[in-house]
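Accompanying notes for the structure given below.
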Amino acid sequence: QVQLVESGGGLVQPGGSLKLSCTASGSIFSIYTMGWYRQAPGKQRELVAFITSGGSINYADYAKGRFTISRDNFKNAVYLQMNNLKPEDTAVYYCKGSYYPYDYWGQGTQVTVSS
């Protein structure tokens with residue numbers, strides 16, 4: 001089992017940047033595929049990006065060119081650098097760790113993009 005804790009959310013103006021962090025404990029972090037998801041009010045949770053244990057990366061179309069996912073297995077952490085933020089990026093951002101057949105979620109961190 002793994003415990004995940006997100007941090008780094010907050011209020012940012014349109015065009016600004018934020019870097020989210022997710023730290024893990026309780027298991028062998030390096031074997032997990034780590035993902036970032038988000039859920040806006042009234043909408044379903046959706047994938048932002050994921051990075052596999054081997055370092056393969058996939059982004060949602062809206063994240064390409066603006067967001068960067070990375071991981072540091074020595075620090076048991078995964079990051080999401082978000083640039084050129086837009087109001088429509090406002091959501092609760094969640095970290096997920098996956099190792100078949102298990103999925104583990106963090107509690108989420110709020111990102112609000114507003115002037």
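Only the coordinates and a few stated rules stand behind these numbers; no lab work does. The shown structure was predicted, so the numbers you read here are calculated from the model rather than taken from an experiment. Every residue, glycine as well, gets a Cβ built from its backbone with ideal geometry; the counts of neighbours run over all protein chains shown.
What to note about this one:
- You can think of it this way: the chain between S7 and S25 has 5.0 nm of extra reach, that is 0.36 nm per residue less the Cα-Cα gap.
- Loop-located trypsin sites (Lys or Arg not before Pro) in segment 14-61 (DSSP state other than H, G, I, E, B) with a sparse environment of at most 10 neighbouring Cβ atoms within 10 Å: K43.
- Computed magnitude of the charge dipole of the chain (debye, nearest 20; Cβ of K, R +1, Cβ of D, E -1): 100
- Across the chain, C-alpha contacts under 8 Å between residues 6 or more apart give a mean separation that, scaled by the residue count, equals a relative contact order of 37 percent.
- Segment 66-115: chymotrypsin sites (Phe, Trp or Tyr not before Pro) in DSSP loop, at most 15 other beta carbons within 10 Å: F74
- Applying 0.36 nm per residue to the separation of E46 and Y100 and subtracting their alpha-carbon distance, the gain on full extension is 17.5 nm.
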